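All remarks here apply to the structure that follows.
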Amino acid sequence: MKLLGKDISADRLMAELEARLGARGLKGSASEGGPIHFDGLEARVDPVAFNVEALSEHADPTRPLPLETHRTGLGRVVVLLKGAFRAGGQVFINEAFGRQKRFNGHVRDSYAQLSAEVLRLRERLEALEKKKAR
């Protein structure tokens with residue numbers, strides 16, 4: 001099995017992570033949606049799903065952030081100029097960050113795979129500790 005690349009199915013990996021977390025009581029059902037659940041005074045955060053989602057959200061460095069300006073008055077003109085500059089340079093941006101985009105995808109996949117392995121090893125350790133206690 002390859003660590004990176006097309007051999008990893010993100011959907012299958014996330015389903016396995018959710019099943020393992022659910023078995024440990026660390027995550028609610030998938031129908032609740034998202035890694036953060038508001039079910040009391042404090043939000044419950046599933047760290048693995050939260051981090052994988054954050055890595056997925058920000059994996060593409062060529063996807064632009066929203067255009068903003070702190071200026072008043074000429075602010076709309078500045079935003080329009082920024083948009084025109086970005087549109088003209090997008091080809092160069094895509095070329096410059098193509099390799100970074102690929103690397104970010106590998107980091108996301110590796111993080112998800114390593115998280116699944118850590119969960120599996122924790123389950124195995126708990127089973128061995130229970131067996132030893134008996």
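The values are calculated or read from the model by the stated rules, or taken from the named source; none is laboratory data. The structure displayed is predicted, hence computed values, not measured ones. All Cβ positions, even for glycine, are placed from backbone atoms using ideal geometry, and neighbour counts span all protein chains on display.
For segment 94-134, a residue qualifies if it is touching a helix residue (DSSP H, G or I) at 6+ places or on another chain (Cβ under 8 Å) and of a type in the set (Val, Ile, Thr), and exactly one does: 107. Out of the residues in segment 68-94 meeting the condition of being among the charged types (D, E, K, R) and part of a helix (DSSP H, G or I), tell me which one is surrounded by the fewest Cβ atoms within 10 Å (Cβ to Cβ). It comes out as 76.
Scanning segment 95-134 for residues that are charged (D, E, K, R), more than 16 Å from residue 47 (Cβ to Cβ) and surrounded by 14 or more Cβ atoms within 10 Å (Cβ to Cβ) yields a total of 2.
Of all residues in segment 82-98, those that are touching a residue at least 12 places away in the same chain (Cβ under 8 Å) have Cβ atoms under 9 Å from Cβ atoms of residues that are hydrophobic (A, V, I, L, M, F, W, C), 6 or more apart or on another chain, in 82/67; 83/67; 86/67; 86/93.
Per-residue answers, yes or no, for (1) modelled with pLDDT under 65; (2) in a loop (DSSP other than H, G, I, E, B); (3) hydroxyl-bearing (Ser, Thr, Tyr); (4) surrounded by fewer than 11 Cβ atoms within 10 Å (Cβ to Cβ):
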{"position": "17", "(1), (2), (3), (4)": "no, no, no, no"}
{"position": "31", "(1), (2), (3), (4)": "yes, no, yes, yes"}
{"position": "37", "(1), (2), (3), (4)": "no, no, no, no"}
{"position": "48", "(1), (2), (3), (4)": "no, no, no, no"}
{"position": "55", "(1), (2), (3), (4)": "no, no, no, no"}
{"position": "62", "(1), (2), (3), (4)": "no, yes, yes, no"}
{"position": "66", "(1), (2), (3), (4)": "no, yes, no, yes"}
